[in-house]
1. From (1) closer than 27 Å to residue 172 by Cβ; (2) part of a helix (DSSP H, G or I); (3) among the polar types (S, T, N, Q), pick out the condition that doesn't hold for residue 270.
2. What are the pairs with Cβ atoms under 6 angstrom where one residue, in region 330-345, is of a type outside the set (Phe, Trp, Tyr) and surrounded by fewer than 20 Cβ atoms within 10 Å (Cβ to Cβ) and the other, located anywhere, is part of a helix (DSSP H, G or I) and modelled with pLDDT under 95? Sequence gap at least six, or different chains.
3. Among the residues of region 152-176, how many are within 19 Å of residue 231 (Cα to Cα), assigned to a loop (DSSP other than H, G, I, E, B) and open to solvent by 60 Å² or more (accessible area, probe 1.4 Å)?
4. Name the single residue, out of those in region 129-151 being open to solvent by less than 50 Å² (accessible area, probe 1.4 Å) and β-branched (Val, Ile, Thr), that is nearest to residue 277 (Cα to Cα).
5. Within region 45-74, track down each residue that is over 12 Å from residue 336 (Cβ atoms), aromatic (Phe, Trp, Tyr) and either modelled with pLDDT of 95 or more or surrounded by 14 or more Cβ atoms within 10 Å (Cβ to Cβ) (or both).
6. Scanning region 109-128 for residues that are aliphatic (A, V, I, L, M), open to solvent by less than 40 Å² (accessible area, probe 1.4 Å) and out of contact with any Lys or Arg (no Cβ under 6 Å at 6 or more places or on another chain), which turns out modelled with the lowest pLDDT?
7. Quick check on residue 413: is it open to solvent by less than 50 Å² (accessible area, probe 1.4 Å) and of a type in the set (Asp, Glu)?
8. Could you check region 75-92 and list, in sequence order, the residues that are open to solvent by less than 30 Å² (accessible area, probe 1.4 Å), closer than 16 Å to residue 321 by Cβ and outside any helix (DSSP H, G or I)?
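The values are calculated or read from the model by the stated rules, or taken from the named source; none is laboratory data. From a predicted model like this one, the values you see are computed outputs, not experimental measurements. With ideal geometry, Cβ positions are generated from the backbone for all residues, glycine too; neighbour counts draw on all protein chains shown. Surface accessibility is based on the protein's heavy atoms, side chains included, excluding ligands, DNA and RNA. Shrake-Rupley method; radii C 1.70, N 1.55, O 1.52, S 1.80 Å.
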Amino acid sequence: MKGWTAQIRAFVAAGALGISALMASSAASAVEIKIGYMKHPIQEASIAIMEKWAAKNGVTIIKIPMAYEIFMEKVTATLTSGGDQYDIIWHNDDWGQLWKNWLAPTNDVPGMDTVLKQTVDVAFLNNDGKPTVVPMAHTFGVFYYRTDLVDQANLPKTWDELSTLSQKLQQDGKVKWGFVGSMAMNHSWFSWFWANWTNNCDVLAPAYERDNKVLAANGWKPMIAEPCSQQVVEYWWDAINKTKISPPAMISYTRNDANAIFQAGDAAFTVADLTLYGQFNDPKKSKVSGKINIGFLPLGPSRREHVAWNDIWGWAIPKGVPAERQEVAKKMLGAMLLDKEGQIDLWKATGGPPPNTEVWKTLIEIDPLFRRADEVVFKVMQVIAGGYYTPEWPAIHKAYNDGVVGALNGSREDIPKKLEQAAPAIHEAAARTN
């Protein structure tokens, strides 16, 4: 009996040790992944895809939302200190080159072979030529129009047609304004930039170029004083002061101001992110719900072919994150990229085209809006990136925006002189690029 008792005790002890080891192993495998992001429908939808994988794999996601106004400053401080306050962060092409040295490469994330390479390579490569981003969605502006006011066949194809049709709709009492957009700093895409690009123009020469070596070889030359840029400013001056298709206060509008006017039914046309389609089409938020569609950007006098822009929002992993959490983060981001059902849900909920291009084939077959987005953006021959990919871009952008707003805020006759005066500040900012 004593022998049996000893064996039983040994067996129980071994079992206890096994349970303890199992509990220790379970505790060790329990991982928390902290995501720093902005509360935006696109980002929330992308995180929702990751949450499905996390729930199945014993990973806890801690969401840390931040306001846009403080996001970049706060995250940059963490990155430069080498901290691991966040395991995954929202990453934007605007600061892709600013952060590249503090982010882990993402070329080994499953599913990266499904994304549109050019949108990654233009802004998010580190010095070794490796990507530092995992795309969450495409983001680009489109020309929104009211389907209850104009049909697709009669959409304005040029700036002049936009003015003429807008005036008619205003005179007929259909809308208060023809076109509404935004002109304030950091909101330039929805007036200044799209008008530049549809007129063979840009911030720096040559137009549409984003390779810093080519821009440097051209002397970081501003285009703000070129005839094509003068035409842009004169068009908006006329839109506010002469044809009066746009509100006088548009010179100070943010995108939120412009979007609110369009949603209220007070404007026939706007240019805004396609990701806002869901908001514009929400009957709880918008008076134009069920009465909108998208089209090509109207062309200026210097261009004859369609043009579009296409960028991505994405996720990144700070280098300061410990290796074991980096591995989990990469697996989770890869699962997000390869979850086709989740990406279709993201599109339906937000109007944000998913990053996995394999999913596009399904959406083209089943979704009329995606077919239209494919036509007016993805299949356009001249598709450009919406920013310049140098750490100096914020300063370049501000100098440009100050110049065009300053020229617009005065007499039409003074526009050429004011644009000439603004050029040196843009050049000075751009030439600081290494």
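1. (2)
2. Filtered contacts from region 330-345: no entries.
3. 1
4. 142
5. Scanning region 45-74 gives a single hit, 71.
6. So the residue we want is 123.
7. It is false that residue 413 is open to solvent by less than 50 Å² (accessible area, probe 1.4 Å) and of a type in the set (Asp, Glu).
8. Of everything in region 75-92, those that are open to solvent by less than 30 Å² (accessible area, probe 1.4 Å), closer than 16 Å to residue 321 by Cβ and outside any helix (DSSP H, G or I) turn out to be 83, 86, 87, 88, 89, 90, 91.
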